[in-house]
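First up is the structure itself, then whatever we jot down about it.
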Amino acid sequence: MPQRPDIRGPEDVSTLIAAFYARARYDPALAHFFAHVDWAHHTPRIEAFWNMILFGDKGYQGDPMTAHVQLHHRLPMEPGHFARWVELFHNTVDELFAGAKAEEAKQRAQTIAGVMEFKVRRGN
């Protein structure tokens, strides 16, 4: 089995996001959250977010917390949803990448999910 590369920049982030959402969009536990997403519009925003998180890129504009709180009001998010999101994200990273930045991505996803769950479920 060939050695997996580390996440090195925007192209790798795009690969990761495409692979992750190809799974999450059809996952039985998560698909309903993504049923009405405009992917052509949303994917570049998600990629910009992760490029900011992993590489300090300044291209992201948005407020993901407010968007997810609003989504929670329409489609309640339970602890299991957050756990499944993290599991899929980690599995996707592990299948595609290995290295310090890949480990950072997984740790950041875990932290983001924890903060998101806390804030979404308490209502702000």
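Each residue of region 73-78 is assigned a 3J(HN,Hα), and the resulting list reads 5, 8, 9, x, 9, 9 Hz, derived from the Karplus form 6.51 cos²θ - 1.76 cosθ + 1.60 (θ = phi - 60°), x at Gly and Pro. Which of ARG108, ARG25, ARG74 ends up with the largest GNM mean-square fluctuation for the chain, with Cα atoms connected below 10 Å? In this elastic network of the chain, the residue with the biggest mean-square fluctuation among ARG108, ARG25, ARG74 is ARG74. For the chain, the normalised intensity computed at q = 0.09, 0.14, 0.16, 0.22 Å⁻¹ comes to -0.24, -0.60, -0.80, -1.54 (log10 of I(q)/I(0), Debye sum over alpha carbons, equal scatterers, no solvent). Solvent-accessible surface of protein heavy atoms, probed at 1.4 angstrom with all chains present, puts ILE17, ILE53 in the order ILE53, ILE17, largest first.
The values are calculated or read from the model by the stated rules, or taken from the named source; none is laboratory data. It should be emphasised that the depicted structure is a prediction, and the values quoted were computed from it without experimental measurement. Just so you know, the surface numbers come from the protein's heavy atoms only, side chains and all, with ligands and any DNA or RNA stripped out. Shrake-Rupley method; radii C 1.70, N 1.55, O 1.52, S 1.80 Å.
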